[in-house]
Amino acid sequence: MQDSRQSRWGRAGVKRSRRWAAAGPVLLMAVLALVLLLAGCGSSGQPDGKGGPGEGQAAAKPDELVLAIGGEPDAGFDPTTGWGRYGSPLFQSTLLTRDNDLNIVKDLATDYQVSPDGLTWTVKIRNDARFSDGKPLTAADVAYTYATAAKSGSVVDLNVLAGVQALDEHTVQFKLKQAQSTFINLLITLGIVPKHAHGGDYAKNPVGSGPYKLVQWDKGQQLIVEPNPYYYGPKPAFKKVTFLFLSEDAAFAAAKAGQVDVAAVPHMFVKQTVPGMRLVAVQSVDNRGIMFPTVPSGQKTKDGRPVGNDVTADPAIRRAINLAVDRQTLVNTVLEGQGRPAYTVCDNLPWWNPQTELKDADVEGAKKVLAAAGWQDKDGDGVLEKGGLKARFTLVYPASDSTRQSLAMAVRDMIKPLGIDITVEGKSWDDIKQLMHANAVLFGWGSHDPLEMYNLFHSKNRGVEWFNPGFYSNPTVDKYLDQALQATDPAQANQYWQLAQWDGRTGLSALGDAPWAWLVNINHCYFVRENLDTGKNRIEPHGHGWPITANIVEWKRK
């Protein structure tokens with residue numbers, strides 16, 4: 001049975017591998033041409049290749065790195081508009097940070113205190129921090145950063161911030177509108193920008209106090225960085241790091257050609273062998289799951305987008321799908337073993353409720369749930385019906401994502417024996433935004449911040465941007481989420497987060513209302529040069545930014 005499942009659900013990956021084998025020489029030539037082109041586009045313009053990753057450079061220059069580890073940030077490198085939320089901001093420092101075990105530790109901050117009511121946070125900052133232009137970083141810069149981010153209207157959510165001020169050169173104080181346990185995560189993720197140099201082109205030419213400074217950015221091609229000479233922390237071992245912005249196939253080809261030190265690769269390549277490189281599979285909380293519209297059809301948003309789906313509005317449909325999905329098989333086939341089953345948005349994090357882990361592939365249990373809810377195949381066509389409504393709906397995925405396509409197709413096949421007919425369609429993100437309130441969507445989330453759970457499931461976020469697109473609402477869950485957010489003790493907050501998932505009677509997990517069917521947590525896979533030590537890899541968040549570089553100051557040649 002396992003082999004037959006793999007032959008069906010691994011088919012897309014097999015076809016892609018064959019396409020790679022057929023197109024390999026052509027693609028390899030294209031990558032080599034690109035690499036040679038970039039070598040001539042460097043800042044120095046000299047034939048020694050210092051401006052770009054010339055042929056053989058990755059192996060020939062032990063104090064330089066060439067990385068192909070992810071996409072280019074379209075909005076640039078300004079933390080006040082979102083840069084650095086996933087992983088490290090690289091060019092900037094944060095007040096707090098996480099170590100390789102995800103413990104919260106001090107960075108710019110030397111101490112912080114929270115008032116008993118949770119409304120006042122007072123942070124002391126170090127006196128030896130300087131920006132890459134040599135000017136000192138002070139509390140005024142911290143206050144400016146947070147005030148600017150709060151006014152930016154960007155993805156940086158600082159709505160809870162009532163005010164921020166510098167009490168003296170090295171003390172900053174935050175005033176909150178209400179206690180918020182997750183505010184500490186903003187101290188971890190928001191990089192500090194210089195008040196004196198935060199102009200209109202900052203996102204293209206960032207000045208910061210992080211370990212590296214930007215030297216050159218050729219949009220669509222490469223980014224070159226060098227150590228910040230004023231960085232207060234451990235000095236990086238590498239005098240130059242070049243980031244190449246390559247497609248997944250091109251990154252793999254560059255690895256095969258020996259042109260990069262680290263290449264992020266999709267799961268279809270993980271069983272390939274790359275001479276001189278090893279596969280590094282990093283665990284993540286980067287999950288994939290199916291969001292269901294939880295209300296009946298007939299409504300519309302203010303801008304006219306349809307809301308609701310009569311089939312997925314029935315909790316029995318959603319619970320049955322959660323029971324019947326064989327998550328381990330999805331990991332074994334679609335992910336080539338590089339991942340683990342997912343049951344919530346926060347598996348294995350401190351605020352996860354382990355009771356939410358289901359028995360996988362319980363098809364008989366799923367059939368009983370459907371029968372008890374009145375779903376029957378009365379006309380013998382293989383599709384259940386209830387009151388004249390067929391158990392049929394569309395599952396949408398981003399057409400550019402081959403992994404989500406394979407997951408969607410696999411789930412469709414797994415669910416078909418229940419009598420639920422799922423049509424799988426790939427769409428652009430613009431189309432998905434129009435369709436997501438009325439159709440099931442295969443999304444990806446995953447964060448080191450429990451605020452993500454609040455955003456996805458609290459009823460006040462129904463239809464707000466990409467949050468809670470299924471219009472899920474449960475007053476009991478809302479109460480627990482509010483209590484978690486307002487708690488002043490982290491341990492108490494975690495208890496409320498866990499109760500929101502399942503309190504023994506209701507919850508946002510598959511045991512309760514099942515507004516999502518979480519499928520897998522994916523490993524982030526990299527080919528890494530054998531002589532490069534990347535230290536202890538952290539559990540990574542959702543795959544935006546360059547999270548593997550969070551500990552880049554620890555990287556060294558063996």
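The values are calculated or read from the model by the stated rules, or taken from the named source; none is laboratory data. Computed from a predicted model, the values in this text were never measured in an experiment. A quick note on method: Cβ atoms are made from the backbone with ideal geometry, for glycine too, and the neighbour counts reach across all protein chains shown. When the accessible area is computed, the model is the full protein with side chains, heavy atoms only, and any ligands, DNA or RNA have been set aside. Shrake-Rupley method; radii C 1.70, N 1.55, O 1.52, S 1.80 Å.
Data table
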item	result
Span-like helix ranges in the chain, DSSP H, alpha carbon extent 24 angstrom or more, Kyte mean at least 0.5	11-39
Most to least packed among 64-75, 323-334 [average Cβ atoms within 10 Å]	323-334, 64-75
Cross-link partners of Lys124 among lysines (Cα-Cα below 23 Å; sequence separation of 8 or more within a chain)	Lys106, Lys135, Lys175, Lys177, Lys195
Computed over region 374-451: relative contact order in percent, which uses C-alpha pairs under 8 Å that are six or more apart	32
Local electrostatic count at Gly163 - Lys and Arg +1, Asp and Glu -1, tallied over other residues with Cβ under 14 Å	+3
Accessible area in square angstrom per residue, region 175-321, 1.4 angstrom probe	36
Sum of side-chain charges, Glu72 neighbourhood, beta-carbon under 13 Å (Lys, Arg +1; Asp, Glu -1)	0
Packing-based order for 244-250, 134-140, 547-553, 487-493, using average beta carbon neighbours within 10 Å, highest first	547-553, 244-250, 134-140, 487-493
Packing rank of 506-515, 228-237, where each peptide gets the mean count of other beta carbons within 10 Å, highest leading	506-515, 228-237
Relative contact order of the chain, pairs being alpha-carbon contacts under 8 Å that are 6 or more residues apart, as %	19
Apportionment of accessible area to carbon and sulfur, region 274-422, percent (1.4 Å)	48
Reachable lysines, given that their alpha-carbon falls under 26 Å from the alpha-carbon of Lys558 and they are not under 8 places away in the same chain	Lys50, Lys61, Lys213, Lys235, Lys239, Lys240, Lys256, Lys271, Lys536
Positive-pole candidate from Ala139, Val520, Gly191, dipole of the chain, charges at beta carbon	Val520
Whole-Hz ³J(HN,Hα) from phi, Karplus 6.51 cos²θ - 1.76 cosθ + 1.60, for region 533-538, glycine and proline x	9, 9, x, 7, 6, 7
Neighbourhood charge, 12 Å Cβ-Cβ cut-off, centred on Gly208 and excluding it, Lys, Arg +1 and Asp, Glu -1	0
Cα-only radius of gyration and Dmax that characterise the chain, units Å	24.7, 77
Under 24 Å from the Cα of Lys300 - lysines, other chains or at least 8 residues apart	Lys390, Lys427, Lys433, Lys460
Calculated [θ] (222 nm, deg cm²/dmol) that DSSP helices of n ≥ 4 give over the chain, each run adding -39,500 (n - 2.57)	-8000 deg cm²/dmol
Region 338-434: C-alpha gyration tensor shape, a/c 1.5 cut-off, then a/b vs b/c	oblate
Fully extended contour minus Cα-Cα distance, from Glu72 to Asp413, at 0.36 nm per residue	119.3 nm
Quotient of C-alpha Rg and 2.2 N^0.38 Å, computed over region 91-213	1.01
